[in-house]
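All remarks here apply to the structure that follows.
The values are calculated or read from the model by the stated rules, or taken from the named source; none is laboratory data. Predicted model only: the values in this text are computed from it and were never measured. Please note: Cβ atoms are built from the backbone with ideal geometry, for glycine as well, and neighbour counts cover all protein chains shown.
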Amino acid sequence: MNPKIAHHRLVFVLVLFVSSWAYGQTDSSRVSLNDEIAQKISKGVTTKADITKLFGTPDTKSLTADIENWTYYDNSRTLSLFFDKKGLVTSYNYKSSGASNDIAIVNRSNFIELIEKVQNDKSLRGSFMYKGSKVNIFEDTDYKTAIGKFLKIEWNGLTAIYHTALGYMTRTRFNMMKQSLHYEGKVEDHKYCKDNYCFELRTDKKYPYIISYKQADSEIREIK
């Protein structure tokens, strides 16, 4: 055999071996989600780098106000972490849930994707089908403004409201909702829950929006 060809084949085999070994090392070093999460994460101490080393790249990321949210899914288990500006864990939820709870969480993720589509495409108005369920998008005439308007999006028991021109109007409305609860049920500055129903102000899309939803049973328990 030509020595040059033999050399190239040897190099190719070595590259494949090293790549496979490195990939295996990365996967085996990751920690699966289980009930010992509390032993691996410390609020105010654990960093984004620590979490990435433990669990790898998150399945979803979102930014609300000054809080960044990472979520991991592992079969029927879900880990949701919240980071401050310094990249430190401020709080987290670990959920070991059944299929119905998983569907609630997936629906919420799909709904947030829908909100982004609606904000970026003005033709998406009225009623239409989205992932097998009917969507209703209409102007919320209970709160009229001189510039722009409030739009309401309803899908699968989820509701979102946002102002089409003035972000501060959405924030003002969120503050009014907080006041209606007399500031009870506070989870974060941007999130309030009462009787398993939550509403939160999110700023991870083109326009700030308020999303309202019922918690999955597994989300009610927060690890302290």
Query raised in the report: Is it the case that GLN119 is more than 27 Å from TYR94 (Cβ to Cβ) and at pLDDT 95 or above?
Result: yes
Query raised in the report: Considering the stretch 173-190 alone, what residues qualify as being surrounded by 15 or more Cβ atoms within 10 Å (Cβ to Cβ) and either in contact with a Lys or Arg (Cβ under 9 Å, 6 or more places away or on another chain) or outside the structural domain of THR141 (by TED's automatic domain parsing) (or both)?
Result: LYS178, GLY185, HIS190
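So for the stretch 48-57 (the condition being at pLDDT below 85 and of a type in the set (Phe, Trp, Tyr)), does at least one residue qualify? Talk me through it step by step, then tell me what you get.
Step one: of the stretch 48-57, the residues at pLDDT below 85 are none.
No, there is no match, as no residue in the stretch 48-57 is at pLDDT below 85 and of a type in the set (Phe, Trp, Tyr).
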Query raised in the report: Name the pairs whose Cβ atoms lie under 9 Å apart, with the first residue in the stretch 120-134 and within 17 Å of ALA165 (Cα to Cα), the second among the aromatic types (Phe, Trp, Tyr), and 6 or more positions between them or separate chains?
Result: ARG125/PHE138
Query raised in the report: Would you pick out the residues in the stretch 77-96 that are in a strand (DSSP E or B) and among the small types (Gly, Ala, Ser)?
Result: SER80, SER91, SER96
Requested in this report: Go through PHE128, PHE82, PHE111 for me and flag whichever is hydrophobic (A, V, I, L, M, F, W, C), more than 16 Å from SER212 (Cβ to Cβ) and assigned by TED's automatic domain parsing to the domain that holds LYS205.
Outcome: PHE128
**Report entry** Failed item in (1) outside the structural domain of ASN136 (by TED's automatic domain parsing); (2) under 29 Å from TYR207 (Cβ atoms); (3) at pLDDT below 85, with SER76 passing the rest
**Finding:** (2)
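Here is a yes/no grid of residues against (1) farther than 27 Å from SER91 by Cα; (2) surrounded by 14 or more Cβ atoms within 10 Å (Cβ to Cβ):
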position	(1), (2)
ALA146	yes, no
LEU166	yes, yes
GLU200	no, yes
LYS205	no, yes
Report summary line: Looking across the stretch 38-73 at residues that are buried (at least 18 other Cβ atoms within 10 Å of the Cβ) and in contact with a His (Cβ under 9 Å, 6 or more places away or on another chain), the single one that is nearest to LYS205 (Cα to Cα) is THR64
Requested in this report: Go through the stretch 122-220 and tell me which strands (runs of 3 or more DSSP E), entirely inside it, have 2 or more residues that are more than 19 Å from SER80 (Cα to Cα).
Outcome: 126-130, 133-139, 150-155, 158-163, 209-214
